[in-house]
Amino acid sequence: MTAPFIMLVDDEVSFVEILVKRLIKRNIKAITAFSGEEGLETLKTNQNLDVILLDVKMPGMDGIETLRNIKKVSPLIEVIMLTGHATIESAIEGMKLGAFDFLMKPCDIDELANKVQDAAKKKRAHEEKIRDARDVRVKEILSIYDSEY
């Protein structure tokens, strides 16, 4: 599998910088955003992202609202929620909205890297199913067209 392409969305700049360096060492391509709003803007020009690591507690648009917006525009992108202030309610809400997983900060870097790999595999498998279904449908349409002419 090619390296997962992720975006880390978190308002803690030093945390983001350290985590990105550690993920790059584990063959994960990463870009960053420092707010929910910036993450959504960055997503517009990076539709090929596999996974978004998303902080729950951020000023302005929080992680839950950001997740809701991500899933509206890019439903196949997997989102792993990160928080230092986990509540059962926010975890349940995130999972209901389609988050792949929910991890407490600080999290083990190898566990996080493995979750990113798993989330990327899931996203790519969904994309492949869609392509396969599209290919089958095109073949059906072409066979109907060919039999009529």
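The values are calculated or read from the model by the stated rules, or taken from the named source; none is laboratory data. All values reported here derive from a predicted model rather than from experimental measurement. Cβ atoms come from the backbone with ideal geometry, glycine included; neighbour counts cover every protein chain shown.
Observations, loosely collected:
- Only residues that are under 20 Å from GLN117 (Cα atoms), more than 11 Å from the chain's Cα centre (by Cα) and not hydroxyl-bearing (Ser, Thr, Tyr) were counted in segment 18-59, giving 16.
For every residue, the table says whether it meets (1) part of a helix (DSSP H, G or I); (2) at positive phi; (3) modelled with pLDDT of 95 or more.
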{"position": "THR66", "(1), (2), (3)": "yes, no, yes"}
{"position": "ILE70", "(1), (2), (3)": "yes, no, yes"}
{"position": "ALA86", "(1), (2), (3)": "no, no, no"}
{"position": "ALA91", "(1), (2), (3)": "yes, no, no"}
{"position": "ALA119", "(1), (2), (3)": "yes, no, yes"}
{"position": "ALA125", "(1), (2), (3)": "yes, no, no"}
{"position": "ASP132", "(1), (2), (3)": "yes, no, no"}
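- Among the residues examined, MET95 qualifies as outside any strand (DSSP E or B) and either surrounded by fewer than 18 Cβ atoms within 10 Å (Cβ to Cβ) or among the aliphatic types (A, V, I, L, M) (or both).
- Scope segment 1-19; condition buried (at least 19 other Cβ atoms within 10 Å of the Cβ) and either modelled with pLDDT of 95 or more or acidic (Asp, Glu) (or both); matching residues: PRO4, ILE6, MET7, LEU8, VAL9, ASP10
- Residue count for segment 23-32, restricted to those that are surrounded by 15 or more Cβ atoms within 10 Å (Cβ to Cβ) and assigned to a helix (DSSP H, G or I): 1
- Here LEU54, LEU49 are screened, and the one residue that is in a loop (DSSP other than H, G, I, E, B) and under 17 Å from LYS123 (Cα atoms) is LEU49.
- Filtered by the rule that a residue be among the aliphatic types (A, V, I, L, M), closer than 27 Å to THR2 by Cβ and surrounded by fewer than 17 Cβ atoms within 10 Å (Cβ to Cβ), segment 50-92 gives VAL73, LEU76.
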